[in-house]
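First the structure, in the form of structure tokens, and then the observations on it.
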Amino acid sequence: QKVSVEVLDHLEHLALVDFRDAEGVERLQKAIQFADQLHEVNTDGVEPMDSVLEDRCLYLREDDVTEGNCTKELLENAREKVEEYFVAPPGNIPLPKLEERETFLQGS
């Protein structure tokens, strides 16, 4: 199943993933094929659920803090930071223009 340029563009902006190479597009197509198997499941008469555990009570566990005060160590892993915060996409991932992707997709 081929993925349209519009769908690819939409997914890139949602997931902040770059699908410019053949491996990325192929991986996406395999994921779609895998998910398409759900259409074969007969769900007639099955009521939607809020949770797979909706017929059981959920237990609460104790919230035991075992480590803490490690902000400096964690921020050392950041590529870019502002004050005491990580800087995250969308500004970090340059996405190609639509015309560039159309050319690439024709070859896949």
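The values are calculated or read from the model by the stated rules, or taken from the named source; none is laboratory data. Small disclaimer: the values here were computed from a predicted structure and weren't measured. For neighbour counting, all protein chains shown are included, and Cβ atoms are generated from backbone atoms with ideal geometry for every residue, glycine included. Note: areas computed on protein heavy atoms with side chains; ligands, DNA, RNA excluded. Shrake-Rupley method; radii C 1.70, N 1.55, O 1.52, S 1.80 Å.
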* Which condition number does ARG79 fail, the rest of (1) at pLDDT below 90; (2) in a loop (DSSP other than H, G, I, E, B); (3) open to solvent by less than 100 Å² (accessible area, probe 1.4 Å) being met? -> (3)
* Structure fact -> Checked pairs for the stretch 64-86, first among the basic types (Lys, Arg), second open to solvent by less than 100 Å² (accessible area, probe 1.4 Å), C-beta under 9 Å and 6 or more apart or across chains, list as ARG79/VAL87; ARG79/ASN92; LYS81/LEU75; LYS81/VAL87
* Failed item in (1) in a helix (DSSP H, G or I); (2) modelled with pLDDT under 80; (3) open to solvent by 90 Å² or more (accessible area, probe 1.4 Å), with ARG101 passing the rest -> (3)
